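Below is one structure, written out as structure tokens; comments come after it.
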Amino acid sequence: MVYLEPRKNKGNEIIHELFLSDLSGSWWSLPAALWMDKWLRRSDYPSQHRPSTLILITQNGFHIHLIEDGEAENIGQNGKDRNSLEENGSELSREAIANGISLSDVESEKARLRQQLTLQDIYDNPDDLDDDEDDSDWEPLQEQMAVTKWFCTNCTMINFDGAVQCDICGEHRESEIVKHGFFASPFSQEANLTQGASEVIEKYKESLLHLPVSESWTAVGFDERMLLHSEVEMKSHPHPERPDRLRAIVATLAAAGIFPGKCQSIAAREITQEELLKVHSLGHIEAVELTGQMLSSYFTPDTYANEHSAQAASLAAGLCADLASEIYCGRAKNGFALIRPPGHHAGVHQPMGFCLHNNAAIASLAAQVSGAKKVLIVDWDVHHGNGTQEIFEGSKSVLYISLHRHEGGRFYPGTGSAQEVGTEGAEGYCVNIPWNCGGVGDNDYIFAFQYVVLPIAQEFSPDFTIISSGFDAARGDPLGGCDVSPFGYACMAHMLSTLSGGKLLVILEGGYNLRSISSSAAAVIKVLLGETPEYAVDNIAPSRTGLRTVLQVLKIQMQHWPNLSNNFTKLQSLWEKYLLQSKKRRKKRGRRTAVPIWWKWGNKRLLYHISRRKLHLKP
């Protein structure tokens with residue numbers, strides 16, 4: 001930007017300041033100033049407006065005095081001593097200008113040399129002009145504003161100072177959700193539970209009194225040492241897989257009297273290398289163990305480890321293995337593994353996606369060691385469990401079913417298309433239900449369970465069922481972008497509890513909104529304790545994209561599971577109805593737009609409104 005600003009000095013003389021603010025220091029800056037000086041002094045320019053002084057001001061704040069004959073004098077950085085120059089105007093000689101420039105004795109040699117630069121020196125050596133000096137005397141913003149920010153405890157999203165509640169999830173800046181779980185008010189910073197929250201807890205506890213009494217018990221696997229797994233390096237944004245995830249769930253269960261209380265814990269142990277070798281390669285195991293000798297390390301840019309991570313991953317895998325054995329052998333009715341780090345992205349050779357060891361795969365093999373011949377793994381994490389699929393894609397003894405966002409491979413990790421059905425003679429033992437968009441909610445998930453998951457699972461007839469329970473498809477999750485409610489998770493858990501004689505293990509995977517993950521986990525554990533959510537399967541109406549995805553999966557999987565044929569035929573007719581209704585709506589919109597829009601303002605406006613069905617003529 002180049003602009004000329006005329007003003008008068010104390011001697012009532014006209015001074016023009018030429019500002020070169022965008023490309024100052026480039027080759028044309030000085031010629032432009034000289035041309036401007038010449039133009040202002042041309043003979044036809046009004047003498048009363050003719051300047052006695054022209055000052056070239058560059059972006060780095062360096063000022064040049066152009067006197068009448070086109071010669072130049074440096075008047076210093078940021079216009080130092082400009083007042084003395086303006087007071088004397090054109091009567092000042094070059095020597096007087098030079099002597100009038102005084103810098104502090106503490107200024108560097110570089111600054112003193114710059115005072116001695118001539119116009120030719122500046123032109124020949126533009127790089128000698130630095131822009132690291134203070135130019136606050138002419139810059140529009142004299143100093144950079146300090147922007148303070150804070151990160152939401154609930155969802156980790158960034159907010160700017162001044163906001164009391166999170167712009168994304170609405171949680172209060174000083175929320176006590178980590179201390180009290182989802183019973184804490186999202187709108188206040190009360191250190192203790194409010195009276196309203198206490199009443200909610202009492203009602204929650206009362207609902208547990210009506211659960212059926214069982215001789216067997218629900219086991220929970222948890223160990224506080226898993227909280228030591230955290231990211232050491234401080235980055236611009238908190239890592240979503242953080243210890244507060246477990247703290248919020250445990251706080252919720254404790255406040256509700258579920259754990260400790262209704263559920264019993266099992267002792268934690270570290271998994272052995274022999275058990276890990278059934279799932280992972282030796283290189284994978286050694287790489288994870290090596291992190292115990294380092295303060296901070298990364299397997300992938302988003303998969304961190306610290307000196308405690310190897311032990312945390314070993315404890316998580318050990319708890320899953322022991323829970324599977326306890327449940328299958330009948331010493332526990334079912335169980336929930338409150339563990340981290342998660343595992344379903346960890347493959348044979350590579351930790352990734354926040355995951356170190358594949359806990360679901362380890363639990364599956366532990367159940368088989370205990371006597372289970374067929375194991376079902378249902379993964380409802382919003383991300384595809386690429387690691388679990390890789391481990392079992394050639395096995396007929398483990399059926400893997402995943403419901404996840406896929407969007408044509410654009411959603412992390414990019415795997416899990418409906419065409420991935422298994423390999424090496426195990427085609428059909430890998431079932432992927434890939435959603436093509438975000439926002440998928442309860443109806444679509446329950447609909448997929450009704451027409452795909454349960455029919456295939458019942459035909460498979462598993463001896464043991466595992467849920468890779470990521471809650472990042474929950475409403476409000478910052479990574480998932482879906483809309484499953486705690487009630488939706490409870491319904492899906494209840495459907496799966498009818499399989500394998502109720503021998504069900506739920507393993508925590510993802511989920512990064514503390515309020516969503518804690519309420520959803522509590523809803524699932526209540527199902528494990530015997531609660532039956534009330535839902536009418538016949539009244540479930542899927543979205544159009546949900547129906548299309550289920551139809552796509554049925555068309556592929558009925559080649560391997562013939563019992564799906566009837567469901568495909570039924571839904572095919574439903575899809576044709578959707579298309580017919582859509583065609584009618586498009587035709588209706590086409591009729592509405594057939595009339596020219598300018599009729600609306602002319603003498604045909606009555607016909608326009610009639611055609612748009614805003615007015616109706618009586619017969």
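The values are calculated or read from the model by the stated rules, or taken from the named source; none is laboratory data. These numbers were taken from a predicted model, which means no experiment stands behind them. Note that we place each Cβ from the backbone using ideal geometry, even for glycine, and neighbour counts take in every protein chain shown.
When segment 458-489 is filtered for residues that are within 29 Å of Gln368 (Cα to Cα) and surrounded by fewer than 23 Cβ atoms within 10 Å (Cβ to Cβ), the ones remaining, listed by number, are Gln458, Glu459, Phe460, Ser461, Asp463.
Among the residues of segment 218-244, the ones that are of a type in the set (Gly, Ala, Ser), out of contact with any Leu (no Cβ under 7 Å at 6 or more places or on another chain) and at pLDDT 95 or above come to 1 in all. Within segment 401-412, identify whether any single residue is out of contact with any Leu (no Cβ under 7 Å at 6 or more places or on another chain), part of a loop (DSSP other than H, G, I, E, B), small (Gly, Ala, Ser) and surrounded by fewer than 21 Cβ atoms within 10 Å (Cβ to Cβ), and answer yes or no. No: zero hits. Just need a number here: residues in segment 195-210 that are surrounded by 14 or more Cβ atoms within 10 Å (Cβ to Cβ) and of a type outside the set (Ser, Thr, Tyr). Residues in segment 195-210 being surrounded by 14 or more Cβ atoms within 10 Å (Cβ to Cβ) and of a type outside the set (Ser, Thr, Tyr): 5 in total. When segment 269-291 is filtered for residues that are free of Cβ contacts under 8 Å to residues at least 40 places away in the same chain and under 23 Å from Gly510 (Cα atoms), the ones remaining, listed by number, are Ile285, Glu289, Thr291.
A search for C-beta distances below 8 Å between a residue of segment 245-257 that is at pLDDT below 95 and any residue that is not in a helix (DSSP H, G or I), counting only pairs 6+ apart in sequence or on different chains, returns Ala255/Leu193. Cβ-Cβ below 8 Å, separation at least six or inter-chain, first residue in segment 371-383 and at pLDDT 95 or above, second among the acidic types (Asp, Glu) and crowded, with 24+ Cβ neighbours inside 10 Å: which pairs? Every condition considered, the pairs that remain are Asp379/Glu509; Asp381/Asp472; Asp381/Glu509; Val382/Asp472; Val382/Asp477; His383/Asp472. Taking the criterion of being outside any helix (DSSP H, G or I) and touching a residue at least 24 places away in the same chain (Cβ under 8 Å), the residues of segment 292-320 that qualify are Leu295, Ser296, Phe299, Thr300, Asp302, Thr303, Tyr304, Ala305, Asn306, His308.
Residues in segment 308-335 that are of a type in the set (Ser, Thr, Tyr) and crowded, with 21+ Cβ neighbours inside 10 Å: Ser309, Ser314, Tyr328. Restricting attention to segment 249-286, the residues being over 14 Å from Ile525 (Cα atoms), basic (Lys, Arg) and in a helix (DSSP H, G or I) number 0.
Entry remark, segment 360-385: residues being buried (at least 24 other Cβ atoms within 10 Å of the Cβ) and out of contact with any strand residue (DSSP E or B) (no Cβ under 7 Å at 6 or more places or on another chain) number 3 in total.
Within segment 533-550, if we keep just the residues that are in contact (Cβ under 8 Å) with a residue 24 or more places away in the chain and in a loop (DSSP other than H, G, I, E, B), the residue that is nearest to Gln450 (Cα to Cα) turns out to be Ile540. For segment 135-182, the candidate set comprises residues that are under 24 Å from the mean Cα position of the chain (by Cα), charged (D, E, K, R) and in a loop (DSSP other than H, G, I, E, B); within that set, the residue that is modelled with the lowest pLDDT is Asp161.
In the set (1) in a helix (DSSP H, G or I); (2) out of contact with any helix residue (DSSP H, G or I) (no Cβ under 7 Å at 6 or more places or on another chain), the condition left unmet by Gly530 is number (1). Of everything listed in (1) surrounded by fewer than 24 Cβ atoms within 10 Å (Cβ to Cβ); (2) of a type outside the set (Phe, Trp, Tyr); (3) within 25 Å of the chain's Cα centre (by Cα), the single unmet condition for Thr498 is (3). For the structure I just gave you, tell me whether Leu323 is part of a helix (DSSP H, G or I) and in contact with a Gly (Cβ under 6 Å, 6 or more places away or on another chain). Yes; evaluated as a whole, the condition is true for this residue.
Just the residues that are on the phi > 0 side of the Ramachandran plot and among the hydrophobic types (A, V, I, L, M, F, W, C), please, taken from segment 245-291.
none
For the condition of a type in the set (A, V, I, L, M, F, W, C) and out of contact with any Phe, Trp or Tyr (no Cβ under 6 Å at 6 or more places or on another chain), Ala523 does not qualify.
Here Glu206 fulfils each of the conditions (1) more than 22 Å from Ala332 (Cα to Cα); (2) under 31 Å from the mean Cα position of the chain (by Cα); (3) assigned to a helix (DSSP H, G or I); (4) not aliphatic (A, V, I, L, M) apart from (2).
State yes or no: is Leu504 at pLDDT 95 or above, surrounded by fewer than 24 Cβ atoms within 10 Å (Cβ to Cβ) and touching a Leu at 6+ places or on another chain (Cβ under 7 Å)? No; evaluated as a whole, the condition is false for this residue.
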